[in-house]
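Working notes, beginning with the structure itself.
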Amino acid sequence: MTHAHRPHWRRRPARLLAALTAALLSVPVLATAAAAGPAPASSSPLSSPLSSPLSSPLSSLTAGAPVPFTEYQAATSPHAHTDGTVLGPDYQYGSLASEATGRQAVQLTGQGQYVSFTLTRAANAVDFHYAVPDSLDGGGITAPLDLYVNGSLTTALSLTSEFSWLYGTYPFTNTPSTGEPDGEVPHDFYNDVRYQFPSTLPAGTVVKLQVDAGDNSPWYVINTADFEQVAPPTAQPSGYLNATQAPYDIDNTGATDVTSALQSAIDAASAAGQGLYLPPGTYTVSQPLNVDNVSIAGAGEWYTTLTGSNVEFSGGQNPASTHVDISGLSMYGNVDVRDDSDSEDSGFNGGFSDSTLSHIWIQNEKVGAWIIGPSTGLTMDDLRIQDTTADGVNLNAADGPITDSVVENSFLRNTQDDGLALWSENYGDTDDTLTHDTVDSPGLANNVGVYGSGAGDVISHNLLQDTVTRGGGIGIGQRFDSVPMSGPLKVTGNELVRTGQWDPGWDYGVGAIWFDPQQGDMDSAVDITGNSILDSPYEAFMFQNENAYVGPAVTTAPDSGYTVSNVRIDGNYVGKVGSYVFQDQAPGSVEVSDTVATGVGVAGVFSCGAGFTIDRGPGDFGWSGSTCGMPASSPLWAYPSTSTFEAATVGQATPVQRVAVMNTGATAAALGAITASSGFSVAPDPQYPCGTALDPTTPTDNGNWCMVDVSFTAPADGITTGTLSIPAGGGGRGTTVRLVGDTDSIGGDGGVAPPTNLALTATMTASSALSGFPASNADDGNNGSYWESQDGTGFPQTLTADLGAATTEGTVVLTLPSNWGARTETLSVLGSTDGSDYTTLVPSADYTFDPTTQNTVTITLPAGTDERYLQLDVSNNTGWTAAQLSEFEIYPYS
């Protein structure tokens, strides 16, 4: 294979015909609640653990969208608890963790596994960002997952992979496959499901997702839970027509196709100079709705929903639709492929001038909003765009300029192309602004992409996180046949967290902010000021042209190519980069001043003779030193990170699944024997077998990657889990792949149920309790809450569980919050049948709670233990002047 010329993976969706009139759609308002704390530090593939985003001296709480929800990370939030497997941190394409916000998530495999969230604020609604496996044929599975509130089953959420999982090379397919690293990597794992509770849940409520009998996916991955307090439905505005009343009588139950009737109502409102109100309900459509000179208001993103096929508001083109205002609704497009020849599957498509799209939720569309020039004076604010198969918002000046337009206060997640893009295809994007937006986990390309541009564009105060592949946090390029950049372009006040990624076409990392003069010199003014680049897995700033580096360790510079100049980088902070602060791979120059870096992984500058000059001014600090050569070693890249075997027959081997292994280091990797857990077998792939070594990474060499074939032989009905172990040395560090086998045709019966925690239905009492930390915290199923005896009152202190009746007990499991430091508590276990007379079951001993083992202690009870009351007698705690326990779990003898 060859990677010498990077494929043009990005094409714009076909433009609307001029006959189509303006359409518009807006996403739910994102308004004030901050996230429940920053994601904790995660590990770069190349350097030591990275800093917290808020450690930056330039960090601003104003960066990003003012979202209306509180976001909890399942894997890392102090208010979340799980007995599942924490995935990540991981930065490698094809990994469930890499595509997750924060690069970590929780995987639930088997009946009884759960993840819970303790609310820090009142909420009446939640949106979960999740993944489940694809089906064997690529069409997706649908499986329930039970949702509990304070221990009571509330509903079974319906989760699906129908709108996830893409395969092959751009523009991708739904046919399952694993192939060459340059494009044939399974990806796009995540989707979202939302639920509105019957009443408001106060702070302190424990909301839990748990795998129960009948929850029949082989595994579930939970990334984030976004809880919010949704306001009541918005009433019909004065002067608006009601779509569900005569003479329109539009069905809002979702039972019938209302495209024609709804278009008639929109046209009537436009002609009468009135607005159109869509009351709460579901409106099923099958064709784009043309809009021009009209206001459409729903009852709110959680109440008014458009769904069906071709769910789109269509704007006019030459001339653009004008005075279109759409707000307060959601759009679910049910798009499961990327078809760039289809222009009828984007939330908004066409031209819009002097218009506003706001408070709109857009999900499972190809594109959230594809705006075609000429357009001017368009404001898009408070949008929530999730799980698209292409861009989030693209201002595409194809048939005329796009001017004085704004995308602000919007939240975008899991788009499969640029999150936000300015594409000056044939005309300029001029005086346009992208500000106070949050863009998480774009699955292909950049969080923000600029391709050519007009003058006066501004990218400011955005929070950009977790680029997945073939892009960076902000990409600025002369690409895709765009008009020459005329500048100035201002990039200021943005926070880029874990942005940039390994590019499997170039075989080296892409920078958090990168320049690519692929089709012409870039010499217009670009000012990059006051930004924070944090936890970048590779370089902070990158300059790359059309002639990619080649050769061993990709150090051979091209002898020609387009240049970059007139760039000023001033007053930026770089906190933790895996490789370099500057990676210079194109001719040109840049002025740099007052740019401070800490935690540089390899060296300040990568320079291998590209003819690039850094003119350094005052105030630079922390990035001296230059080198030629990519990092010598890095972890092996293995994908997919979880291999799932469905519909297995007991005693019979399943068809094989391929797992690819690649050396991403600049020196050769020694490859050890690849082995799998019991029930799984490994064989060399006949086309790309693995040997004893992998070559150094280089774009023109097949020898730096290989494949193994894995199959599963079910030992019994249900779910079997295991690990594929891939040891390495030299330039590569070993890695593992999770293996899940299942005998169910769509994903298992939850496996064998684990023993029941008897304490969950027990009554807890204590000798004393600090205010706010009662004994009942020790059996609430939440490891984030805990019981603490009254501080300083001395030892011993007791915690007693009343099980209600004598029960045969086998083990006691004690926990503390998993993020606490180590401590030792001295305690004994006593038992009683009447609550008065206690006998010692386990004598006093020291038990160490170690965060490396999730601060969990297991105590085996004597055989024959059959007590109604179990009591812990705590006589010392090296970590505090009181007894402390999160959970006092009791399991039956087995």
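The values are calculated or read from the model by the stated rules, or taken from the named source; none is laboratory data. Here the structure is a predicted model, which means the values were calculated and not measured. Every residue, glycine among them, receives a Cβ derived from its backbone with ideal geometry; neighbour counts consider all protein chains shown. Remember, those area values only see protein heavy atoms, side chains included, never the ligands or the DNA or RNA. Shrake-Rupley method; radii C 1.70, N 1.55, O 1.52, S 1.80 Å.
Write down the accessible area per residue of region 270-395 in Å², having rolled a 1.4 Å probe over the full set of protein chains. Spell out each step's value before the answer.
Working: 2690 Å² over 126 residues.
Accessible surface, normalised per residue, equals 21 Å².
If you wrap the tightest convex hull around every Cα atom of the chain and split its volume per residue, you get 159 Å³.
Starting from 0.36 nm per residue, how many nanometres of slack lie between ALA647 and ASP866 once their C-alpha separation is accounted for?
That works out to 74.7 nm of additional length.
A Förster distance of 25 Å, applied to the separation of the beta-carbon atoms of THR175 and SER309, puts the FRET efficiency at 0.70. Annotation: amide H of THR430 within the under-5 Å range of ILE402, THR403, ASP404, GLY454, sequence separation 5 or more or interchain, hydrogens built in the peptide plane. With bins 10 Å wide beginning at 0, the percent of Cα pairs of region 590-646 falling in each bin runs 17, 36, 22, 14, 9, 3, 0.
In this structure TRP423 has an accessible area near 10 Å², from a 1.4 Å probe over the protein heavy atoms.
Keeping the other protein chains in place, figure out the carbon and sulfur percent of the accessible area of region 403-492, with a 1.4 Å probe.
Values: 800 of 1630 Å².
Ligands and nucleic acids excluded, carbon and sulfur reach 49 percent.
Over region 788-866, what per residue volume does the convex hull of the Cα atoms give, in whole Å³? Can you show the working numbers first?
Details: hull volume 9.2 nm³, N = 79.
That works out to 117 Å³ per residue.
What translational D, rounded to a whole number of µm²/s, comes out for region 333-379 from Stokes-Einstein when the hydrodynamic radius is the Kirkwood one over Cα pairs, at 10 °C and 1.306 mPa s? For the chosen part, D equals 138 µm²/s. Between region 84-140 and region 181-224, what's the alpha-carbon centroid distance in Å? Distance between centres, Cα-based: 6 Å. By how many degrees, between 0 and 90 and to the nearest 10, does the Cα long axis of helix 259-272 differ from the longest principal axis of the chain? Orientation of helix 259-272: about 60 degrees from the principal axis.
On the principal axes of its alpha carbon atoms, region 128-180 extends 47, 18, 15 Å, with the longest extent given first. Rounded, prolate or oblate, given the Cα gyration tensor of region 269-315, with a/c below 1.5 counting as rounded? In terms of gyration-tensor shape, oblate. The phi-based Karplus calculation (6.51 cos²θ - 1.76 cosθ + 1.60; θ = phi - 60°) puts the 3J(HN,Hα) values of region 652-660 at 10, 6, 6, x, 6, 10, 8, 10, 8 Hz, whole numbers, x for Gly and Pro. With contacts taken as Cα pairs under 8 Å and at least 6 residues apart, region 496-580 reaches a relative contact order of 38 percent.
The separation of region 841-855 from region 601-656, counted between C-alpha centres, amounts to 39 Å. Compactness of region 575-698, taken as the C-alpha radius of gyration over 2.2 N^0.38 Å, stands at 1.59. Each residue of region 435-449 was assigned a 3J(HN,Hα) from its phi angle through the Karplus expression (A = 6.51, B = -1.76, C = 1.60, θ = phi - 60°), giving 9, 6, 10, 10, 10, 10, 6, x, x, 8, 6, 10, 4, 10, x Hz with x at Gly and Pro. Here each label is just a point 7 Å from Cα along the line to Cβ, and for TYR195 and THR627 those points are 4.9 nm apart.
When the alpha carbon gyration tensor of region 526-596 is reduced to an equivalent ellipsoid, the three semi-axes, largest first, read 23, 17, 7 Å.
Within the full protein context, the accessible area of ARG121 is estimated at about 110 Å² for a probe radius of 1.4 Å. Entry note, the chain: relative contact order of 10 percent, from Cα contacts under 8 Å with a spacing of 6+ residues.
Shape class of region 803-844 from the Cα gyration tensor (axes a ≥ b ≥ c, square roots of the eigenvalues): prolate, since a/c reaches 1.5 or more and a/b is larger than b/c. Is the shape of region 301-347 rounded, prolate or oblate, going by the alpha carbon gyration tensor and its root eigenvalues a ≥ b ≥ c, with a/c under 1.5 for rounded and a/b larger than b/c for prolate? Oblate, since a/c reaches 1.5 and b/c is not below a/b.
How large, in Å, is region 415-509 by the Kirkwood hydrodynamic radius built from its alpha-carbon pairs? Mind showing how you got there, number by number?
Values: mean 1/r = 0.0760 Å⁻¹.
In region 415-509 this quantity evaluates to 13.2 Å.
Measuring how big region 245-368 is from its alpha-carbon positions, Rg and Dmax come out at 13.4, 39 Å.
Which of the lysines could a cross-linker bridge to LYS576, judged by Cα under 27 Å and excluding same-chain residues fewer than eight apart? Correct list for LYS576: LYS490.
Could you please put TYR190, TYR838, TYR869 in sequence from largest to smallest accessible area, using a 1.4 Å probe? Let's see the in-between values first.
Details: TYR190 0, TYR838 65, TYR869 35 Å².
Ranked list, largest accessible area first: TYR838, TYR869, TYR190.
The figure for CYS628 is an accessible area of roughly 70 square angstrom, using a 1.4 Å probe on the protein chains alone.
Centre-to-centre separation between the Cα atoms of region 232-259 and those of region 663-742: 56 Å.
Taking 0.36 nm per residue of separation and subtracting the current Cα-Cα distance, fully stretching the chain between SER836 and VAL337 would add 173.0 nm.
Pop out the Kirkwood hydrodynamic radius of region 113-272 from its pairwise C-alpha distances, inverse of mean 1/r, in Å to one decimal.
Details: mean 1/r = 0.0522 Å⁻¹.
Mean inverse Cα-Cα distance, inverted, gives 19.1 Å.
Each label was represented as a point 7 Å from its Cα along the Cα-to-Cβ direction; for THR253 and ALA156 these points are 2.4 nm apart. In terms of accessible area, using a 1.4 Å probe and ignoring ligands and nucleic acids, ASP336, ASP381, ASP404 rank largest first as ASP404, ASP336, ASP381. Sorting the segments 877-883, 478-484 by their residues' average number of neighbouring beta-carbon atoms within 10 angstrom, most packed first, yields 478-484, 877-883.
Placing dummy labels 7 Å off each Cα toward the beta-carbon, the span from ASP850 to ALA716 is 3.0 nm.
Region 340-434 has equivalent-ellipsoid semi-axes of 19, 15, 11 Å, by the square roots of 5 times the alpha carbon gyration tensor eigenvalues, sorted largest first. Per residue, the convex hull spanned by the alpha carbons of region 54-139 comes to 169 Å³.
Estimated from the Cβ-Cβ distance and a Förster radius of 30 angstrom, the FRET efficiency linking THR613 and ASP481 is about 0.55.
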